[in-house]
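Heads up, the thing below is written out as structure tokens.
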Amino acid sequence: MAVSLTSFAASFGKILGSGPILLSPDFTVRAFLLVTLAQADQSPAHKMGEVLMLRYLLLASAALSFAAPASAATQAIIVGNLIPDAATGPTGPAVILVEDGRVKDIAKGINNPFQADSVVDLSTMTLVPGLIDLHVHLTGDPGDDYRDEAVNPDEWGVVMGVKNAGLTVKAGFTTVREAGSAQNTAFVLRRGTAEGRIIGPRIIAAGPALSIIGGHGDVSGFRNDVIATLETGYTCTGPIECAEKVRKSSRAGADVIKITATGGVLSQQGRGLEAHFTSDEMLAITNTAHSLGLKVMAHAHGARGIEAASAAGIDSIEHGTFADEAALKVMKAKGTALVPTLMALEGVRARLGKGIYTPTVEVKAKQAVEAAGRHVRRAKAMGVTVAFGTDAGVFEHGSNGGEFALLVNAGMTPTEALASATTIAAKTLGLENEIGRIAVGYSADLVAVNENPLNNIRTLEKAEWVMVRGRIVP
């Protein structure tokens, strides 16, 4: 019996044994033609093949609906309250026109003046710029056993990364800086989200971090023969070798150079949390990176390590847990940003004393947790730039928004906290003309929440609707 295109589109989900689905008109027509042509052969084997083919096409369409360039359609987004950037604050109802993945126009008021292909009604919500997390580890989860790296292949990190990229963007974070991974895992995730093949945020990827031999970032806690097998190839000694490793990272595709300037909390090395690299080594790293157009982010906990890294021209200090007045003074003079990662310390606090961490890690973790938040208050008082970053992966991915309340508890205003994850984070990345604001010409990275976050910062802990690069996140 013949079937009409309309009835086919309406019942397509039932044909496939799935729930109701929304298909693009182009896909519906193609699938309809496939069924129509197949009706001449109604054998059981052919019908089974037909269903399998349709299921394959459905999966392809679902992926392509996210991957399709935004140029395929214009979208008018009606919002009840627009916050184009943190400094401007709320400007009231507005309609945003999106085309080719970018904001094409913005009209004040609730009435839609645009002839768009589709309309999104967010008239009861507040719209803010897509949020930016400057410190995540998408390829790992909290509480992972460090010995897993001797068992799991690097490819497993991609599997974890796909999961965590989805959780992150659905939480409203449309751009992240991947702060250290295996050689290629973050790079393939970056490509996958850029091309729309997987659901996730824009990824600025560092790849493997540069470290000293035996330091945080190097492999530790194993026999020497196992360490030799697992080592990343990014340890260095002396300015010349460290400059070489920066060039190696650049060649591999790094968007930013990550170094571990001091000891770290969760690594198995027991050499404390102070400086690891020499000043000459860090200067060579910074000069080489900057000559290649790359910024440098430095994991750093101890005060003297923070001071030395900032003096060498490092662009951002990650964690900065024990930053004192002397260290912050150098950061201020050099324009070095602080990325506090307070959520990481909460994640560590929740796992202390439960047998999750080794004794080596427990000692360092207790020291770090006791100091949590003080450096943010000091940094603000001294005029040091504070940019948003969480260290997701030390705590559960998708909970990144919890950092906002911690920043406010540490002395920042809601406006400052929102700016740290939008305009300030964008500038830290060197992308201030691309992301961090809702403005004509900027990437259409948009997040809707239920309340005005400048009145209730915790509303940013739950995104109600997200668009990244002009694609609505399903």
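Selection of first residues in segment 238-255 that are within 12 Å of residue 287 (Cα to Cα) and of second residues that are part of a helix (DSSP H, G or I) and β-branched (Val, Ile, Thr), restricted to Cβ pairs under 8 Å at least 6 apart or on distinct chains, gives the following pairs, ordered by first then second residue: 242/285; 242/288; 243/285; 243/288; 246/285; 246/288; 247/288. A Cβ distance below 8 Å, combined with a sequence gap of six or more or placement on separate chains, defines the contacts here; from segment 459-474, residues that are within 14 Å of residue 401 (Cβ to Cβ) reach residues that are hydroxyl-bearing (Ser, Thr, Tyr) and buried (at least 21 other Cβ atoms within 10 Å of the Cβ) in the pairs 459/126; 466/174. If residue 336 satisfies every condition in (1) under 26 Å from the mean Cα position of the chain (by Cα); (2) modelled with pLDDT under 95 but one, which is the exception? Just one mismatch for residue 336, condition (2). Listed here are the helices (runs of 4 or more DSSP H) enclosed by segment 357-421 that have at least 2 residues being more than 19 Å from residue 128 (Cα to Cα), modelled with pLDDT of 90 or more and not assigned by TED's automatic domain parsing to the domain that holds residue 172: 402-409.
Residues of segment 276-306 that are acidic (Asp, Glu) and either surrounded by fewer than 24 Cβ atoms within 10 Å (Cβ to Cβ) or in a loop (DSSP other than H, G, I, E, B) (or both): 280 alone. For segment 208-229, the candidate set comprises residues that are modelled with pLDDT under 70, exposed (fewer than 12 other Cβ atoms within 10 Å of the Cβ) and not hydroxyl-bearing (Ser, Thr, Tyr); within that set, the residue that is nearest to residue 253 (Cα to Cα) is 228. Suppose the filter is at pLDDT below 95, out of contact with any Gly (no Cβ under 6 Å at 6 or more places or on another chain) and assigned by TED's automatic domain parsing to the domain that holds residue 443; does residue 106 pass it? The answer is no for residue 106. Number of residues in segment 430-443 that are closer than 17 Å to residue 297 by Cβ and either at pLDDT below 95 or in contact with a Lys or Arg (Cβ under 7 Å, 6 or more places away or on another chain) (or both): the value is 1.
A residue that is in contact with an Asp or Glu (Cβ under 8 Å, 6 or more places away or on another chain), without any contact (Cβ under 8 Å) to a residue 40 or more places away in the chain and not aliphatic (A, V, I, L, M) can be found somewhere in segment 331-353.
Scanning segment 86-123 for residues being under 27 Å from the mean Cα position of the chain (by Cα) and of a type in the set (Ser, Thr, Tyr) gives a total of 1. The set of residues in segment 229-253 being among the polar types (S, T, N, Q) and in a helix (DSSP H, G or I) consists of 229, 249, 250.
Considering segment 259-283 alone, what residues qualify as being modelled with pLDDT of 75 or more and hydroxyl-bearing (Ser, Thr, Tyr)? Scanning segment 259-283 gives 260, 262, 278, 279. Selection over segment 126-163 of residues that are at pLDDT 75 or above and either on the phi > 0 side of the Ramachandran plot or assigned to a loop (DSSP other than H, G, I, E, B) (or both) gives a count of 8.
Here residue 386 clears all of (1) in contact (Cβ under 8 Å) with a residue 60 or more places away in the chain; (2) of a type outside the set (S, T, N, Q); (3) touching a Ser or Thr at 6+ places or on another chain (Cβ under 8 Å); (4) crowded, with 21+ Cβ neighbours inside 10 Å except the condition numbered (1). Just one of (1) within 19 Å of residue 424 (Cβ to Cβ); (2) assigned to a helix (DSSP H, G or I) fails for residue 338. It is (2).
The values are calculated or read from the model by the stated rules, or taken from the named source; none is laboratory data. Because the structure is predicted, anything quoted here is derived from the model rather than measured. All Cβ positions, even for glycine, are placed from backbone atoms using ideal geometry, and neighbour counts span all protein chains on display.
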